[in-house]
Structure formats: C-alpha cells, structure tokens
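Colleague: Here it is, the structure, as structure tokens.
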C-alpha cells in the first residue's frame, strides 16, 4: 500500500540521498584572502544542528549521506523543510556539507562548507518520493574547478551556470 502525503500536516518526512562524488582528496592548499592555507587529512561531513556528523575521509570516490527532513507548508503553499539538518529562512532552505580536519583530540574543525539549496523542490516531487517509499536523490561533484573542495551556494543544475551544481534526480 502506498503512503499518502498530507501537505497540511507538519509531520511529513522525506529523506534526501546525497551522493557526493569526486572528492578532492586528503590534502588541500589554497588561498583564503591574502594568506595561503594548507589543510591535511581533510574530511567531509554533514551538519546537523550545530554539529558536523558522519565525517569521512575526503579521499573516497563516493560518499552518501541520508538526512531526513520534516516537510510543512509555507503560507504560500510551497514546501518548508524543517528539522535539525534544515538551515536558512523558510523561503531559502538549504543544508550544509562541511569540510574540515580532525584536531589532536579527533574533533572536527571546519574550514569551509557547501550550502545545498532545497527551495526549488516542489510538492509533486516530494509526494512522488514519499508515495514510492524512496528518497529524493541529489548527486554533487565535490571538487571545484581549481581542484579544491567546493564551497558556497550549490544550486539545482538547471538554476545555475556555475560548476558547483547539484544534479537532482527526481
């Protein structure tokens, strides 16, 4: 029996399968402002609340995260993504993938992060995923055009001409 989504309720849940490909590797050297930065033993994780969790070494070919969001309805009727992974205002929801290194006590120390936007997702796409009992899926190339870890806003591939694009498979 297929699940039916009630868009008037605040407890609809959806999982997003975040497939991170082409990670840049364990070492990164780049320019931040006027200073040169060198990072060794780079990790990638997903931000939940204020904490980065599920961090993995950045020398893997592919990493998959599966954050879950509650989906409510905004006053204009559009989806509002909620929960500990959701960041930003209701009109500009996103989640973070964070780059960091481990300190001497194995604590994650973030040095940059990528903002993965959600505001282009529609109720039709969400309902389709929920009724089929499958997650929404996004594939993201994690290495920037200079060979560095991507950062800043990463938007839906049709909405962006930048290399840092999210290919949503809806």
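Each value in this text was obtained by applying a stated rule to the coordinates, not by laboratory testing. Note that the structure is a prediction, hence the values are computed from the model and not measured.
Colleague: Let me test this: with uniform point scatterers at the alpha carbons of the stretch 54-142, what is the Debye-based log₁₀ I(q)/I(0) at q = 0.10, 0.17, 0.20, 0.26 1/Å?
Modeller: -0.33, -0.84, -1.05, -1.45
Colleague: On a full-extension model of 0.36 nm per residue, what is the gain between residue 141 and residue 120, subtracting their alpha-carbon distance, rounded to one decimal in nm? Please list the in-between numbers first.
Modeller: Numbers: separation 21, 0.36 × 21 = 7.56 nm, distance 1.89 nm.
Here the segment from residue 141 to residue 120 would lengthen by 5.7 nm.
Colleague: Given C-alpha coordinates of the stretch 101-145, what is the ratio Rg to Rh with the Kirkwood estimate of Rh?
Modeller: On the way: Rg = 16.6 Å, Rh = 14.0 Å.
The Rg/Rh ratio comes out at 1.18.
Colleague: Sticking with this structure for a sec: Could you work out the relative contact order of the stretch 39-116? I mean the mean sequence separation of Cα pairs under 8 Å and 6+ apart, divided by the number of residues, in percent.
Modeller: Details: 131 pairs, mean separation 22.3, N = 78.
Relative CO of the stretch 39-116 lands at 29 percent.
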